[in-house]
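Undergrad: Right, I'll just put the structure down here and ask away after.
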Amino acid sequence: MKRLIVAITGASGVIYGIRALEILRKIKDVESHVILSPSAARTIAEETDYDIDTVKKLADVLYNHKDIGAAISSGSFKTEGMLVAPCSVKTLSGIANCFDEELVVRAADVCLKERRRVVLMFRETPLHAGHIRLMEQATKNGAIVMPPVPGFYSRPKTIDDMVTQSTGRALDLLGIDAGVVKRWKDTLPAPARVPRQR
């Protein structure tokens with residue numbers, strides 16, 4: 001059984017974390033280890049029709065955000081890595097600066113020190129220089145910063161399509177092919193031949 005840590009923080013875009021949990025529920029060999037920040041609960045109420053108890057039930061294992069002694073706070077507890085969806089500026093700052101005050105940052109820091117993948121769906125725009133410096137430092141620490149910018153080659157018809165595609169791509173980065181990503185063509189059409197000028 002593979003274990004994947006999923007953290008949902010209070011940034012706008014909590015639907016990405018919820019969708020990740022919905023997708024993972026359908027994959028038999030992946031167990032989700034979930035942290036919900038207090039701000040995430042508020043954002044879930046503001047942005048979605050989900051109630052917090054429904055979201056909690058999507059987790060295989062649920063942790064208190066303050067429990068820095070939880071299993072996922074130790075490198076000896078093996079996981080595939082961690083998805084932070086969405087990732088708030090506060091969480092990005094904590095990960096960039098190894099400020100392990102709460103479990104979300106501690107778990108990410110542990111994954112990074114163990115050279116496991118950490119994917120941050122950073123949800124902020126526009127960006128100032130401080131945000132960019134934090135993204136640079138998190139990347140230097142080993143994290144993958146993946147703002148959920150939709151790709152339109154998949155021809156999304158709904159917001160739900162865009163959320164699923166972006167979430168599936170984030171899971172790809174963690175080595176989990178959930179079968180939900182519409183992928184670019186394996187082979188591109190041959191380029192049109194332009195007659196040479198003589």
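Each reported figure results from applying straightforward, stated rules to the coordinates on display, with no laboratory input. This structure is a prediction, so every number in the text was calculated from the model and none was measured. Backbone-built Cβ (ideal geometry, glycine too); neighbour counts: all protein chains shown.
Undergrad: Taking the simple approach of a point 7 Å from Cα along Cα-to-Cβ for both Leu173 and Phe152, what is their distance in nm?
TA: About 2.2 nm separates the two model spin labels.
Undergrad: As a check on your grasp of the helix formula, calculate [θ] at 222 nm for the chain: sum -39500 (n - 2.57) over DSSP H runs of n ≥ 4, divide by the residue count, round to the nearest 500.
TA: On the way: 7 runs with 75 residues, N = 198.
Taken over the chain, the calculation gives -11500 deg cm²/dmol.
Undergrad: If the viscosity is 1.002 mPa s and the temperature 20 °C, what translational diffusion coefficient in µm²/s does Stokes-Einstein give for region 1-73 when Rh comes from Kirkwood over Cα pairs? Don't skip to the answer; put the middle values down first.
TA: Details: Rh = 12.4 Å.
In µm²/s, the coefficient is 173.
Undergrad: Tell me, Kirkwood radius of the chain from alpha-carbon pair distances, in Å?
TA: Hydrodynamic radius (Kirkwood, Cα only) of the chain equals 17.4 Å.
Undergrad: Sticking with this one: Using a Cα distance threshold of under 21 Å, what count of lysine pairs results for the chain when pairs must be 8 or more residues apart or interchain?
TA: 23
Undergrad: Relative contact order (percent) for the chain, with alpha-carbon contacts under 8 angstrom and 6 or more residues of separation?
TA: Relative contact order comes out at 21 percent.
Undergrad: If packing is taken as the average number of other Cβ atoms within 10 Å across a peptide's residues, how do 142-150, 163-171, 91-99 rank, most packed first?
TA: Details: 142-150: 17.1, 163-171: 23.2, 91-99: 20.4.
Averaged packing, sorted descending, gives the order 163-171, 91-99, 142-150.
Undergrad: Still on this model: Arrange Arg155, Arg123, Arg25 by Cβ neighbour counts within 10 Å, fewest through most, would you? Write down the numbers at each step before the final one.
TA: On the way: Arg155 7, Arg123 22, Arg25 14.
Listed from fewest to most nearby Cβ atoms, that is Arg155, Arg25, Arg123.
Undergrad: Using a simple charge model, +1 on the beta-carbon of Lys and Arg, -1 on the beta-carbon of Asp and Glu, nothing else, what dipole does region 53-198 show about its Cα centre, in debye to the nearest 20? Don't jump to the answer; show the numbers that get you there.
TA: Working: 22 positive and 16 negative charges, 196 e Å.
With only Lys, Arg, Asp and Glu charged at Cβ, the dipole is about 940 debye.
Undergrad: Which order results if His128, His33 are arranged by neighbouring Cβ count within 10 Å, fewest first?
TA: In order of increasing Cβ crowding within 10 Å: His128, His33.
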